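K.L.:
One structure, pasted below without further comment.
Please treat every number below as a calculation from the coordinates, not as lab data. This one's a predicted model, so the numbers in the text were calculated from it and none came from an experiment. Don't worry about glycine lacking a Cβ; one is built from the backbone with ideal geometry, like all the others, and counts go over all protein chains shown.
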Amino acid sequence: MDRRKVLLIVAAVIAALGTLLVFLYVRGADNRADQRYSAVQVLRVVKEIPAGETVEAAQAAGKIETSTVSQQDLVPGALTGTEPVAGKVAVTAIYPGEQLIASKFGASGASTGLSIPKGKIAVSINLSDPARVAGFVNPGDKVAIFMNGAAAGSTFTRLLLPNVQVIGAGTTTVVATTTTDPAGAQVTDQLPKTLLTLAVTQAEAERVLYASQNGQLAFGLMNNDSQIAASGGVNDKNLFQ
């Protein structure tokens, strides 16, 4: 076999391999695109579901609809039916556009009443979304409570209570809040606020209620490894120390 024939055969083999590789790549790209953009059905919220509302009531009110989303937009744990949360209530406000997930529902307290630990009393305070850790605080959670206030001509932020149990989440409402900017102009914002119920002692209740009327409260969500300790707090004099 002369050299020309050998070169032709080699070229043909290379061309065939190139064609095969291109085919495999294109088919793989198609498969990846199918996996990424394949449509799946989920339940989506179309009207706000406030904390405390049952999934059955929300569905009857037309607040939940079946929707189609791409695989890449599917939220982990998204529900395709209400059976997994049947008889349960929303433990936090669920807003239009959200996919329905089981973790946002819990056991209803309507039939058994509010469960208050022995020796404690229940008090409720109204908090904005940032102050309640963007809505991640749910019944059963433990929180540290901080106060932003003013005293002796100075503002401060300080730990108020180090470990408090949340035992209920109520209705979310939109509240108009007016503040004054550095130029002296008043600015009004529409902020959603949610009632959260705490289990506290009498002394703790007095501190919480006083602080909520004379300053602003914010929660710090805790886990088993959170480290919280009383301190002198932060003010304009020690902020950068």
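K.L.:
With all distinct Cα pairs included, what does the Kirkwood hydrodynamic radius of the stretch 63-146 come out to in Å, to one decimal, could you say?
P.N.:
Evaluated on the stretch 63-146, it is 15.4 Å.
K.L.:
Which far-off residues, 5 or more places away or on another chain, put their amide H under 5 Å from the one on L100, with H placed in the peptide plane?
P.N.:
Hits under the 5 Å cutoff: L43, R44, V45, L79.
K.L.:
Hey, could you get me the Stokes-Einstein D for the stretch 39-106, Kirkwood radius over alpha-carbon pairs, 20 °C and 1.002 mPa s, rounded to whole µm² s⁻¹?
P.N.:
184
K.L.:
How large is ³J(HN,Hα), in whole Hz, for each residue of the stretch 53-60 in order, when computed from phi with the Karplus curve 6.51 cos²θ - 1.76 cosθ + 1.60 and θ = phi - 60°, using x for Gly and Pro?
P.N.:
8, 6, 5, 5, 5, 5, 5, 5
K.L.:
Calculate the FRET efficiency for Q202 and Q59 from the Cβ-Cβ distance with a Förster distance of 41 Å, rounded to the nearest 0.05.
P.N.:
0.50
K.L.:
What does DSSP give for the stretch 39-106 in terms of the percent of beta bridges that are antiparallel, rounded to the nearest 5?
P.N.:
Here the share of antiparallel DSSP bridges comes out near 100 percent.
K.L.:
Continuing with this model, one more query. Using the Karplus curve 6.51 cos²θ - 1.76 cosθ + 1.60 with θ = phi - 60°, work out ³J(HN,Hα) for each residue of the stretch 218-232 in order, rounded to whole Hz, and write x for Gly and Pro.
P.N.:
Those phi angles translate into 9, 9, x, 6, 10, 10, 5, 9, 5, 10, 10, 9, 4, 8, x Hz.
K.L.:
Then there's this: Can you list residues from other chains, or at least 5 along the same chain, whose modelled amide H is less than 5 Å from the amide H of K193?
P.N.:
The answer is T173, V174, V175.
K.L.:
Mind checking which lysines have their Cα closer than 27 Å to the Cα of K88? Skip sequence neighbours fewer than 8 apart in that chain.
P.N.:
K47, K63, K104, K118, K120, K142, K193
K.L.:
May I pose another question? To one decimal place, what Kirkwood hydrodynamic radius in Å is obtained for the stretch 121-234 from all pairs of distinct Cα atoms?
P.N.:
That comes to 15.0 Å for the stretch 121-234.
K.L.:
Sticking with this one: So how do 231-238, 67-74, 97-104 stack up, highest first, on mean other-Cβ count within 10 Å?
P.N.:
Highest to lowest by the protection proxy: 97-104, 67-74, 231-238.
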